[in-house]
Structures are given as structure tokens and as C-alpha cells.
Amino acid sequence: MTVLDHPAAQTWPPDAHAPRRDPAPLLPDAEPVRVLGTPALGKLDPELLRELYRRLVAGRRYNQQATTLTKQGSLAVYPSSTGQEACQVAVATALRPGDWLFPSYRDTLAVISRGVDPVEALTLLRGNAHCGYDPHEHQVAPLSTPLATQAPHAVGLAHAARLRGEDTVALALVGDGGTSEGDFHEALNFAGVLGAPVVFLVQNNGYAISVPLSKQSVAPTLAHKAVGYGIHGRLVDGNDAAAVHTVLSEAVAHARAGLGPVLVEAVTYRLEAHTNADDAGRYRTPEEVASWQEHDPVPLLERHLREAGLLSDEDVRQAAAEAEELAARMRAMFHVKPELDPMSLFTHVYAEPTPQLREQAAQLAAELAADAEARQEAGTGSTAGAAPEAGAR
């Protein structure tokens with residue numbers, strides 16, 4: 001008699017265990033969903049498609065201008081999303097104003113697509129503050145530099161909103177590198193168990209800095225990781241803006257309807273280096289980059305919309321003009337020297353400062369006061385940086 005022939009095996013698993021679920025409905029799409037070049041394009045609102053195009057063009061110019069500001073020393077660092085703009089702008093078209101976005105450090109374009117001021121969105125990368133905008137004003141969490149830590153936060157907010165009777169959906173943006181972090185897996189597990197109305201968008205650009213995806217995971221796709229947590233997986237062409245909008249909109253609707261969370265993997269590519277401190281030529285070839293440039297999301301959408309008669313020369317000119325206005329506004333704002341208060345470091349750490357924070361605040365206040373006094377004695381007469389009362393929140 002084998003183990004499987006034993007009578008006890010016929011009732012496995014015991015009643016204490018949850019019933020097994022059929023994984024088939026959770027499996028992601030067999031191939032990345034595409035809309036451009038398919039009949040599905042004709043089913044989308046032409047104005048929505050033109051809006052996606054305008055946002056893509058503005059996003060490309062935004063990335064270019066931010067990169068230039070980094071080279072000029074106006075930004076400490078800039079992780080460009082050039083090549084990934086379709087994923088970034090589709091976030092804004094798929095979410096409602098009351099929904100929440102939880103971005104990573106590379107998602108400044110997604111942040112401004114939600115209405116955050118372009119310069120305020122770069123405050124963290126400028127080195128001026130931990131967050132340069134009010135998260136509650138636009139329902140956008142602070143940019144997250146640690147990988148995937150924003151994912152559990154998105155689950156918590158979405159679950160809390162549902163407990164309050166709200167139909168809010170949270171969308172967390174994660175890179176392929178972030179899927180190797182424990183926070184990502186914990187977030188998926190909590191989301192699945194709680195049935196939280198949250199969508200995870202993994203922008204798979206092929207590399208976690210210099211580490212290729214093949215060195216991180218041998219799963220069929222990253223979207224397949226959803227099945228292990230009992231949630232739905234989707235796979236989409238991340239350079240097809242119309243497809244990303246469609247799949248994200250469906251995922252958001254699925255979560256909002258109480259049908260559970262969704263993990264969407266967008267297959268895309270980072271055309272620029274990881275940041276201005278990275279030499280991408282050390283781990284990828286020019287031929288590889290050139291092959292992906294042929295699938296660049298901006299000209300890809302423009303070409304298909306022109307062929308469908310949905311985009312005119314005037315539309316293209318207007319989009320380019322609006323993008324240049326955005327770049328000019330960024331340059332002008334970065335010429336304005338910000339007034340920084342070092343004591344603001346302690347403002348939003350805790351609602352009530354801990355004894356350690358009060359001690360640190362008092363130490364910094366004393367150092368600022370001593371520095372101001374030294375400048376006065378040196379004859380500068382400047383009191384810039386004078387500290388407020390020690391321990392102020």
C-alpha cells in the first residue's frame with residue numbers, strides 16, 4: 001500500500017485547512033496585452049487617446065529637462081523614467097481623483113500626472129526635504145526610495161478605506177527589483193488575505209540597477225507571482241500606452257468592485273541609465289538599447305494614432321508646445337533659491353515628538369544658533385538659519 005492508497009489520504013486536506021482554489025482564473029495573460037495595431041484601438045475614446053499622447057510627449061520632455069537639471073547640479077540625482085512613460089501616464093487616466101497612488105523613486109512623472117506641481121515632485125531628489133508636496137492634497141504618498149516599502153502602505157490604506165465604507169482604490173508602483181524584496185511579498189499576502197482594493201503595477205524594465213531579471217527570478221512572468229497569493233495576475237505591453245490604460249482601468253474596476261487585488265506586470269524598458277551616477281554601458285549593449293528604441297512608447301503611439309486618423313499635425317504641434325512650456329516652467333522655478341528650515345526635519349516624524357527627537361532638535365537648534373552668532377561676529381550681519389525654539393515640532 002502506498003501513502004496515496006491510505007484511507008486518510010482520500011480526505012486530504014483536513015477540514016481545518018481552507019478549501020483548495022482553482023488557480024486557472026488567477027493566471028495572467030498568456031502574452032502581454034496590446035491595443036495598438038489591433039481592433040481594440042477602435043473601441044477606445046479618441047479624445048482619451050489624444051490625451052495619452054499629450055501626456056506622453058510632456059512626460060518625455062519632463063524627463064529630459066530633469067536630467068539636464070541634474071547635469072547642471074540643480075538636482076542631486078534623477079532616476080529617469082524615459083522609455084517607461086506609458087506606465088507612468090496611464091496611472092492618471094485609470095485612477096479616480098479620490099484614489100491613492102503609492103510611487104517609488106522613479107515615478108515622479110506618475111506623481112505630476114496626478115496633479116502635483118512638477119518642481120514640488122522633485123523636492124526629494126533635489127535634497128531639500130523628504131517630501132515636497134502635501135500627500136493628502138492629491139492622494140499621492142511620498143516618493144519611496146527604499147524598495148517596495150510603499151506596497152504594504154498601499155494595502156493598509158486601501159483596507160482602512162474599505163472599513164470606512166469608501167470605494168477608494170490604492171495603486172502601488174513597483175519596479176522589477178522591488179519584487180525581490182520581502183515588503184513586496186508581504187504586501188501581496190496581506191492584500192490577498194484581506195481582499196484589499198489595491199492594484200500593484202510592476203514596471204518590469206529588465207534591470208534592478210545592473211542586475212538583469214534573469215538573476216532575480218525564473219518565474220514564467222512576474223505576474224505569475226500573483227497566483228501564489230491567491231490574487232489575479234495581468235500581463236501588459238508596458239510601452240503600449242493604450243494597453244496599459246485598458247488593463248489598469250480593468251484592474252482598478254476589479255478591485256473597486258470588491259473582487260480582490262490585482263497584480264499587473266508591464267513589460268517595458270529603461271532607455272536611460274539607472275540614475276546619473278550609473279554607467280549602463282557596463283551591463284547592457286548598445287544593440288539591446290537600440291532594439292527597444294524601436295518600441296519607444298512616444299513615437300509608437302503617435303504612429304498608430306496617425307494611421308488611424310486620430311492625430312493631426314496640429315495635435316502634434318500643440319503637444320510639443322505644451323511640453324516646452326512645462327520645461328520652461330521647471331527651469332524658471334529651479335532658478336528660485338528655496339528657503340529651507342533645517343528644523344523642519346523634525347516636523348512630521350511623529351505626531352508627538354519622542355524624547356530622542358526633542359534632544360536631537362535641541363542639539364540642532366544650538367548648532368544653528370552658534371553658526372548664526374559666528375557669522376554676526378565675522379561681520380556678515382546675516383541671521384539666516386537662525387533656529388526657532390528648541391524642540392519645536
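Could you list all residues from region 28-43 that are surrounded by 18 or more Cβ atoms within 10 Å (Cβ to Cβ) and in contact with a His (Cβ under 9 Å, 6 or more places away or on another chain)? Once the filter is applied, which keeps residues that are surrounded by 18 or more Cβ atoms within 10 Å (Cβ to Cβ) and in contact with a His (Cβ under 9 Å, 6 or more places away or on another chain), region 28-43 yields Pro28, Val35, Leu36, Leu41. The residues of region 279-304 that are surrounded by fewer than 17 Cβ atoms within 10 Å (Cβ to Cβ) and either closer than 24 Å to Arg50 by Cα or acidic (Asp, Glu) (or both), listed by number, are Asp279, Glu287, Glu288, Gln293, Glu294, His295, Pro299, Arg303.
For Leu56, the test of being more than 20 Å from the chain's Cα centre (by Cα), buried (at least 21 other Cβ atoms within 10 Å of the Cβ) and not in a loop (DSSP other than H, G, I, E, B) is failed.
Of everything in region 160-194 that is within 24 Å of Cys87 (Cα to Cα) and assigned to a loop (DSSP other than H, G, I, E, B), the residue that is most open to solvent (accessible area, probe 1.4 Å) is Asp167. Scanning region 322-337 for residues that are within 23 Å of His130 (Cα to Cα), touching a residue at least 24 places away in the same chain (Cβ under 8 Å) and open to solvent by 50 Å² or more (accessible area, probe 1.4 Å) gives Arg329, Arg331, Met333. Just one of (1) over 16 Å from Ala66 (Cα atoms); (2) among the aromatic types (Phe, Trp, Tyr); (3) open to solvent by 20 Å² or more (accessible area, probe 1.4 Å) fails for Tyr105. It is (1).
Among the conditions (1) under 24 Å from Ala266 (Cα atoms); (2) crowded, with 17+ Cβ neighbours inside 10 Å, Ala319 misses just one, which is (1). Going by the conditions given, is Leu271 under 20 Å from Asn63 (Cβ atoms) and in contact with a Phe, Trp or Tyr (Cβ under 8 Å, 6 or more places away or on another chain)? Considered against the rule, which asks whether it is under 20 Å from Asn63 (Cβ atoms) and in contact with a Phe, Trp or Tyr (Cβ under 8 Å, 6 or more places away or on another chain), Leu271 comes out as yes.
Considering the conditions (1) within 34 Å of the chain's Cα centre (by Cα); (2) exposed (fewer than 14 other Cβ atoms within 10 Å of the Cβ); (3) in a helix (DSSP H, G or I); (4) not polar (S, T, N, Q), Arg358 is excluded by exactly one of them, (2).
The values are calculated or read from the model by the stated rules, or taken from the named source; none is laboratory data. Here the structure is a predicted model, which is why all the values come from computation and not from measurement. Every residue, glycine among them, receives a Cβ derived from its backbone with ideal geometry; neighbour counts consider all protein chains shown. Remember, those area values only see protein heavy atoms, side chains included, never the ligands or the DNA or RNA. Shrake-Rupley method; radii C 1.70, N 1.55, O 1.52, S 1.80 Å.
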